[in-house]
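Everything below concerns the one structure shown next.
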Amino acid sequence: MKNSRILLAALLTLLCAASALAQEPDLINADRPGIADGSTVVGPKTFQLETGIQAEFRRDGDGREHTLFAPTLLRFGIDSHWEIRVEGNTYTRVTSFASTSTTGQTSGFAPLSLGFKYHIHDSNQLSLGTIVRVFPAWGSKEFKTQHATGDVRLAADWNFAPHLKLSLNPNIGVARYEDDQGRLFTAGLFAVTLNSNPTKKLNPFVDLGAQWPEEKNGQTSAILDGGLAYIIGRNVQVDAGVGTRVHGETGPRPFLGFGISWRAGSKHKLTQ
């Protein structure tokens, strides 16, 4: 009788654990906010929109420049390893000031990139993926580029302290970019995000991004920012972040952004 009770208790424990795993929520996993992108893909037959508005501020002596744009990423899931990506700053407006007066304003569309993400490896603690982007020579008015550019990055998600609900999201890569003078140059890329997940839907973060050089024959640029993301239901995430340039000359000081991400697909009911 005693052995039967022990066996029954063990079976009930296994059933409860299996039930808890089965009820684990399938939550949206966005690449925004923050500088580093994640390693995982959105999944087969899934569409994900990640967009927002970002304001950047720069100063050079008495001159000031305010930039406002709508960074947008469209993700189309092919299968459990591949997704297609369309990404860019889309509509952009730059306003220049001298002292207290406006000296000029330019608006238009920035170049869009076409690319993909491939999910290489996944385990309990470490996930790896690679992201490739190509920016054709495109854009309107002053935002038009003269050359095709692009970058390749290795992205990781490292659950290094699960008991503290902390994880790291590092990216490293190489890029071929065009500077403000239309000159092509090769740059190294690095970004890392420290994530905290006090709950499954709440994500405070701090991250650092670096590019060397920031322009042809330029120095290294580095940006530090932090913020918060929150998941509403299963398929919507809202976020806010603020940051500043900590090294270099081309980065904003400061910048702030707000965003929203939305997921749809055969597996994801829009009402949840």
(message) Could you derive backbone 3J(HN,Hα) for segment 229-244 from the dihedral phi with the Karplus parameters 6.51, -1.76 and 1.60 (θ = phi - 60°), listing whole Hz in sequence and x where the residue is Gly or Pro?
(response) 10, 9, 9, 9, x, 10, 10, 10, 10, 10, 8, 8, x, 9, x, 7
(message) So if I place +1 on the C-beta of Lys and Arg and -1 on the C-beta of Asp and Glu, and nothing else carries charge, what would the dipole magnitude of segment 210-257 be about its Cα centre? I want it in debye, nearest 20.
(response) 100
(message) As an exercise, use a Förster radius of 22 Å and the Cβ-Cβ distance of PHE47 and TRP82 to find the FRET efficiency, rounded to the nearest 0.05.
(response) 0.95
(request) As a check on your grasp of the helix formula, calculate [θ] at 222 nm for the chain: sum -39500 (n - 2.57) over DSSP H runs of n ≥ 4, divide by the residue count, round to the nearest 500. (result) -2500 deg cm²/dmol
(request) Could you run the Karplus curve 6.51 cos²θ - 1.76 cosθ + 1.60 with θ = phi - 60° over segment 210-219 and give me ³J(HN,Hα) per residue in whole Hz, x for Gly and Pro? (result) 9, 9, 9, x, 7, 7, 4, 6, x, 9
(message) Straight-line reach from LYS267: which aspartates and glutamates fall under 17 Å, measuring Cα to Cα and dropping same-chain residues less than 8 apart?
(response) GLU24, ASP26, ASP79, GLU83
(message) I'd like the orientation of helix 2-22 relative to the chain: the angle between its Cα long axis and the longest Cα principal axis, in ° from 0 to 90, rounded to 10.
(response) 20
(request) Sort out for me the Cα centre separation of segment 44-65 from segment 76-90, rounded to whole Å. (result) 20
(message) Relative contact order for the chain: what percent, with Cα pairs under 8 Å and sequence separation of 6 or more?
(response) 17
(request) Please order THR90, THR40 by the number of other Cβ within 10 Å, starting at the fewest. (result) THR90, THR40
(message) About the Cα centre, and with charges only on the beta carbon of Lys, Arg (+1) and Asp, Glu (-1), how big is the dipole of the chain? Nearest 20 debye, please.
(response) 920
(request) Would you mind counting up the charge near ILE231? Only other residues with Cβ under 9 Å from its Cβ, with Lys and Arg at +1 and Asp and Glu at -1. (result) +3
(request) Using the structure shown, list the pairs from LYS45/LYS216; LYS117/LYS216; LYS165/LYS216; LYS45/LYS200 with a Cα-Cα distance above 31 Å, or answer none. (result) LYS45/LYS216; LYS165/LYS216
(request) With θ set to phi - 60°, apply the Karplus curve 6.51 cos²θ - 1.76 cosθ + 1.60 along segment 164-181 and write out the HN-Hα couplings as whole Hz, x wherever there is a Gly or Pro. (result) 9, 6, 10, 8, 10, 10, x, 10, 9, x, 9, 9, 10, 10, 10, 8, 5, 8
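None of the figures in this text is laboratory data; all of them are computed from the coordinates on show. What you see is a predicted model; the values in this text were computed from it and never measured. Note that each Cβ is placed from the backbone with ideal geometry, even for glycine, and that neighbours are counted across all protein chains shown.
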